[in-house]
Amino acid sequence: MTARILHGWFKKRAKVKFTERLEVCLRRFSPEEDVRPCKLTVRAMTRRWGSLTALRNMTLHIRLVGASIHCIDYVITHQLCHALIPYHGHVLRFAGQKTSKLVEPEGQIRTSLSLT
Ligand SMILES: [Zn+2]
């Protein structure tokens, strides 16, 4: 019971933080690029830090909340790029332009999960 309450609190906290960082990340894009997601979901993910569906539903891994602001922004910006370019390989190059001022996530984020 306590674990469930704690998980709920943690999830709510993550959603507040990610929503805040999403607004900051959206400033990297022009209004014409129009990359704002329709929905933001926070949950435990098994293989990825985040995803963006064709319907623009963004999902972020709950564990990302423990990462640095740079890492969170890097993942969110990468996912926002997917609103313009669905293919991951092309996004990596494009996202590089949008995230050039961000520190490349290192060990903290490149653990067992990948950035897709
Ligand atoms: Zn990707």
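Which numbered condition trips up LEU55, out of (1) modelled with pLDDT of 90 or more; (2) surrounded by 13 or more Cβ atoms within 10 Å (Cβ to Cβ)? For LEU55, the failing item is (2).
For THR46, are the conditions met, namely being in a loop (DSSP other than H, G, I, E, B) and farther than 18 Å from ILE85 by Cβ?
Details: in a loop (DSSP other than H, G, I, E, B): yes; farther than 18 Å from ILE85 by Cβ: yes.
Criteria met by THR46.
Within the stretch 14-43, being touching a residue at least 24 places away in the same chain (Cβ under 8 Å) and in a helix (DSSP H, G or I) holds for ALA14, LYS15, LYS17, PHE18, ARG21, LEU22, VAL24, CYS25, LEU26. No other residue among VAL65, VAL75, VAL91 is modelled with pLDDT under 85, in a helix (DSSP H, G or I) and crowded, with 17+ Cβ neighbours inside 10 Å apart from VAL91.
The values are calculated or read from the model by the stated rules, or taken from the named source; none is laboratory data. Source: prediction; values computed, not measured. Glycine also receives a Cβ, built like all others from the backbone with ideal geometry; neighbour counts cover every protein chain displayed.
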